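S.K.: I'd like to ask some things about the structure below.
The values are calculated or read from the model by the stated rules, or taken from the named source; none is laboratory data. Fair warning: this is a prediction, and the values are worked out from it, not measured in the lab. Here Cβ is always computed from backbone atoms with ideal geometry, including for glycine, and neighbour counts include all displayed protein chains. Ligands, DNA and RNA are excluded from the accessible area calculation, which covers all protein heavy atoms including side chains. Shrake-Rupley method; radii C 1.70, N 1.55, O 1.52, S 1.80 Å.
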Amino acid sequence: MINQINVGYGKTRSVIRELFEYGKKRKAEIGEDNVYDFSLGNPSVPAPEEVTDALIKLVIEEDAVALHGYTSAQGDLSVRRAVADDLNSRFSTALSADCIYMTCGAAASVCITLNALLNKGDEVITFAPFFPEYTVFTANAGGTLKAVETDPKTFLPDIAKFSVALGEKTKAVIINSPNNPSGVVYGEEVIKELCKVLAEHEKKTGNRVFIISDEPYRELVFGGIYVPFIMNYYADSIVCYSFSKSLSLPGERIGYIAVNNRMPDWTEIYAGICGAGRAMGYVCAPALFQQLVKRVLGKTSDISVYESNRNILCEALREYGYEVVQPDGAFYLFVKSLEEHAAAFAERAKKYELLIVPADSFGVKGYVRIAYCVSPQMIKKSLPAFKKLAESYKK
Ligand code: PLP
C-alpha cells in the first residue's frame, strides 16, 4: 500500500508536453503531414554519419559485457578525460577528468547541480523568458526560482534589474545561451556585465553566487556568432551540457556537468555534485553513449537546415504582420501573440493545425514559442496556415 504520494507532482503538467501529446493524437486523425507541430525541441536533422558509424563499430567490435556494464558513478574515466581535453582545446581551459560528471542530458545536469548547491530557502535567479523546467528543478532542490525581466526588444538581460534582484538568499544564477525559447545569444559584453554585477555583490555583501550555465544549444548558432564560455569569465561557474541537440540524440539521454577548477574549493563542489547525483539516482550515465560521445566529440549535426528554416519563417511571419525577434541560435522563434492572452492565441492556432506553445510558463506573457526544428517541407507547407491565422485577426 502506498502511504504517501506527492500529489503536487501530478497536478501541474508541462504545457509543451501536453501540446506534443495533442499533436500525436491529431496526426493519427488527419495524417502526419497535415499537422504543423512546432511544440517540441526534438531535432529533425539526423545525427552526423560519424555517430552511426561509431555506434555500429562499438556494438560489433567491443566486448558486449564491458560495453553495457556499469561505469564509475561519475562516468568512465577515459570519457571524462576526453570531454575535458575537448573543452580545453576549444576554450583554453585547464580542466581534468575530475572536473567532469557524465549525466543523462542537460535536465539531469541542471537538477544535480541545483541539488548540490542549494540549501532549503535559497533563491535562484534566471532571466525571462526561460526554460520552464527550471521552476520544477529549483523547487525540487529546495529553492525558489526568481525570474528577472529582460529587455523586451532584445530579450537580453536587463543588468539594472538583475542587480536589484540579487539578495542575501541568492545562491545561483542560471543562464541559458543560446536561449530556449528566444534563440538569443548572450554576447561577451552581456556576460562581462553579469559577472561584474556578481563580483560587486560578493564584495559588498560577502555572498557568493554561482553561475550555472545551461548550454544544450552551445554549438547551434548561425553566422559564426561567438558564444562566450562562462568559465573564462567567472570562476564560480558550472557548465551543464547535453548532446541532445548538438548531435540530435535527445532520446539517448547523454550530457555532462563541468565544474570550473578555477574555484579554490572546486574539489568539494565536485564531491557535492557526485553526492547529489547519487542521492537522485543519477549515477552511471548510459554506458554505450558515454563511449559513443567520446568518439565523436567536436562533431555537430548539420545545422544549416535550422538556419534556413529560421530565415524562411522570420521573413514570412514578418510579412504577415507578426512581431519576431531574430534568433541567433538554438531552433526557437519567440513571437508576439496577436491577442493579449497567448493561450487563447495558441488555441486559435490549433484551428489551422498549427501547434505553438503559449509562453506564460516561460515567464513572459503575450508570446508564443515556435520550435522550428522541423523539416524544410513542413516549414514551407505551414506558411499559408500562419498567414490565415494572422488574417483571422484582421477581420
Ligand atoms: N535546458 C534547456 C534550455 C532545454 O531547452 C532543454 C531541452 O529542451 C534541456 C535543458 C533538457 O535537455 P536534455 O534533453 O538534454 O535533458
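S.K.: If you check Gly223, Gly251, Gly206, which single one turns out to be surrounded by fewer than 17 Cβ atoms within 10 Å (Cβ to Cβ) and within 11 Å of the ligand (Cβ to nearest atom)?
M.R.: The unique qualifying residue is Gly251.
S.K.: Between residues in region 94-113 that are closer than 15 Å to Ser237 by Cα and residues that are assigned to a loop (DSSP other than H, G, I, E, B) and among the hydroxyl-bearing types (Ser, Thr, Tyr), which pairs lie under 7 Å by C-beta distance while being six or more apart or on different chains?
M.R.: If the second residue must be assigned to a loop (DSSP other than H, G, I, E, B) and among the hydroxyl-bearing types (Ser, Thr, Tyr), the pairs left are Ile112/Tyr282.
S.K.: For region 156-170, state whether one or more residues are more than 12 Å from the ligand (Cβ to nearest atom), closer than 27 Å to Tyr306 by Cβ and buried (at least 23 other Cβ atoms within 10 Å of the Cβ). Please lay out each step first, then the result.
M.R.: Residues of region 156-170 more than 12 Å from the ligand (Cβ to nearest atom): 156-170.
Next, from what is left, pick out any that are closer than 27 Å to Tyr306 by Cβ: 156-157.
Filter once more, keeping what is buried (at least 23 other Cβ atoms within 10 Å of the Cβ): 157.
Yes: region 156-170 contains one or more residues that are more than 12 Å from the ligand (Cβ to nearest atom), closer than 27 Å to Tyr306 by Cβ and buried (at least 23 other Cβ atoms within 10 Å of the Cβ).
S.K.: Here's a follow-up. Determine which single condition Ala235 fails, assuming it passes every other condition in (1) in a loop (DSSP other than H, G, I, E, B); (2) at negative phi; (3) among the small types (Gly, Ala, Ser); (4) open to solvent by less than 10 Å² (accessible area, probe 1.4 Å).
M.R.: Against the list (1) in a loop (DSSP other than H, G, I, E, B); (2) at negative phi; (3) among the small types (Gly, Ala, Ser); (4) open to solvent by less than 10 Å² (accessible area, probe 1.4 Å), Ala235 comes up short only on (4).
One line per residue, one yes/no per condition, for (1) among the polar types (S, T, N, Q); (2) touching a residue at least 60 places away in the same chain (Cβ under 8 Å); (3) farther than 28 Å from Glu61 by Cα:
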site	(1), (2), (3)
Gly277	no, yes, yes
Gly298	no, yes, no
Val324	no, no, yes
Ala330	no, yes, yes
Val335	no, no, yes
Ala343	no, no, yes
Glu347	no, no, yes
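S.K.: In addition: Here are the criteria: (1) touching a residue at least 60 places away in the same chain (Cβ under 8 Å); (2) surrounded by 15 or more Cβ atoms within 10 Å (Cβ to Cβ); (3) of a type in the set (A, V, I, L, M); (4) away from the ligand (no atom under 16 Å from the Cβ). Tell me which single one Met263 does not satisfy.
M.R.: Unmet for Met263, out of (1) touching a residue at least 60 places away in the same chain (Cβ under 8 Å); (2) surrounded by 15 or more Cβ atoms within 10 Å (Cβ to Cβ); (3) of a type in the set (A, V, I, L, M); (4) away from the ligand (no atom under 16 Å from the Cβ): (1).
S.K.: Counting only residues that are open to solvent by less than 30 Å² (accessible area, probe 1.4 Å) and of a type outside the set (Val, Ile, Thr), how many does region 273-283 have? Talk me through it step by step, then tell me what you get.
M.R.: First pass over region 273-283, keeping only residues open to solvent by less than 30 Å² (accessible area, probe 1.4 Å): 273, 276-277.
So of that shortlist, the ones also of a type outside the set (Val, Ile, Thr) come out as 276-277.
Total meeting the criteria: 2.
S.K.: Which count do you get for residues in region 256-289 that are on the phi < 0 side of the Ramachandran plot and either within 20 Å of the chain's Cα centre (by Cα) or outside any helix (DSSP H, G or I) (or both)? Spell out how you get there, then give the answer.
M.R.: Here is the first cut: in region 256-289, the residues on the phi < 0 side of the Ramachandran plot are 256-280, 282-283, 285-289.
Next cut, either within 20 Å of the chain's Cα centre (by Cα) or outside any helix (DSSP H, G or I) (or both) only: 256-265, 273, 277, 280, 282-283, 285-286, 289.
The number of residues fulfilling the criteria is 18.
S.K.: On the given criteria, is Lys394 surrounded by fewer than 20 Cβ atoms within 10 Å (Cβ to Cβ) and in contact with a Phe, Trp or Tyr (Cβ under 9 Å, 6 or more places away or on another chain)?
M.R.: Details: surrounded by fewer than 20 Cβ atoms within 10 Å (Cβ to Cβ): yes; in contact with a Phe, Trp or Tyr (Cβ under 9 Å, 6 or more places away or on another chain): no.
No; evaluated as a whole, the condition is false for this residue.
S.K.: Give me the pairs: first residue in region 165-190 and under 24 Å from Asp122 (Cα atoms), second residue basic (Lys, Arg), beta-carbon distance under 7 Å, and six or more apart or on different chains, which are they?
M.R.: Every condition considered, the pairs that remain are Ala165/Lys146.
S.K.: Here's another thing I want to ask about it. Does Cys99 satisfy being within 15 Å of the chain's Cα centre (by Cα), crowded, with 19+ Cβ neighbours inside 10 Å and either more than 16 Å from the ligand (Cβ to nearest atom) or of a type outside the set (Val, Ile, Thr) (or both)? Outline the logic, then answer.
M.R.: Numbers: within 15 Å of the chain's Cα centre (by Cα): no; crowded, with 19+ Cβ neighbours inside 10 Å: yes; either more than 16 Å from the ligand (Cβ to nearest atom) or of a type outside the set (Val, Ile, Thr) (or both): yes.
Spelling it out, it is not the case that Cys99 is within 15 Å of the chain's Cα centre (by Cα), crowded, with 19+ Cβ neighbours inside 10 Å and either more than 16 Å from the ligand (Cβ to nearest atom) or of a type outside the set (Val, Ile, Thr) (or both).
S.K.: Can you find even one residue in region 226-243 that is among the aromatic types (Phe, Trp, Tyr), closer than 25 Å to Glu123 by Cα, touching a residue at least 60 places away in the same chain (Cβ under 8 Å) and within 16 Å of the ligand (Cβ to nearest atom)? Step through it out loud before you land on a result.
M.R.: In the first step, residues of region 226-243 are kept if they are among the aromatic types (Phe, Trp, Tyr); the result is 226, 229, 233-234, 241, 243.
Keeping just the survivors that are closer than 25 Å to Glu123 by Cα gives 229, 233-234, 241.
Filter again for touching a residue at least 60 places away in the same chain (Cβ under 8 Å), leaving 229, 241.
This time we only want the ones that are within 16 Å of the ligand (Cβ to nearest atom), so: 241.
Yes, because at least one residue in region 226-243 is among the aromatic types (Phe, Trp, Tyr), closer than 25 Å to Glu123 by Cα, touching a residue at least 60 places away in the same chain (Cβ under 8 Å) and within 16 Å of the ligand (Cβ to nearest atom).
S.K.: Give the residues of region 316-336 that are more than 23 Å from the chain's Cα centre (by Cα) and part of a loop (DSSP other than H, G, I, E, B), sorted by residue number. Spell out how you get there, then give the answer.
M.R.: Pass one, region 316-336, residues more than 23 Å from the chain's Cα centre (by Cα): 316-323.
Listed by number, the residues that qualify are Gly321, Tyr322, Glu323.
S.K.: Considering only region 335-361, how many residues are touching a strand residue (DSSP E or B) at 6+ places or on another chain (Cβ under 9 Å) and closer than 21 Å to Ser375 by Cβ?
M.R.: 8
S.K.: Another question about this same structure. Identify the single condition in (1) of a type in the set (A, V, I, L, M, F, W, C); (2) open to solvent by 20 Å² or more (accessible area, probe 1.4 Å); (3) in a helix (DSSP H, G or I); (4) farther than 24 Å from Leu354 by Cβ that Val305 does not satisfy, given that it satisfies every other one.
M.R.: Against the list (1) of a type in the set (A, V, I, L, M, F, W, C); (2) open to solvent by 20 Å² or more (accessible area, probe 1.4 Å); (3) in a helix (DSSP H, G or I); (4) farther than 24 Å from Leu354 by Cβ, Val305 comes up short only on (4).
S.K.: Within region 337-353, does at least one residue satisfy the condition of being modelled with pLDDT of 95 or more, part of a strand (DSSP E or B) and either away from the ligand (no atom under 16 Å from the Cβ) or open to solvent by 60 Å² or more (accessible area, probe 1.4 Å) (or both)?
M.R.: no
S.K.: Right, next: Within region 116-132, restricting attention to residues that are within 15 Å of the ligand (Cβ to nearest atom) and at pLDDT 95 or above, which residue is nearest to the chain's Cα centre (by Cα)? Explain how you work it out, then say what you get.
M.R.: Here is the first cut: in region 116-132, the ones within 15 Å of the ligand (Cβ to nearest atom) are 124, 126-132.
From what's left, at pLDDT 95 or above: 124, 126-131.
Numbers: Val124: 16, Thr126: 13, Phe127: 13, Ala128: 14, Pro129: 12, Phe130: 9, Phe131: 7 Å.
Across region 116-132, the extreme among qualifying residues is Phe131.
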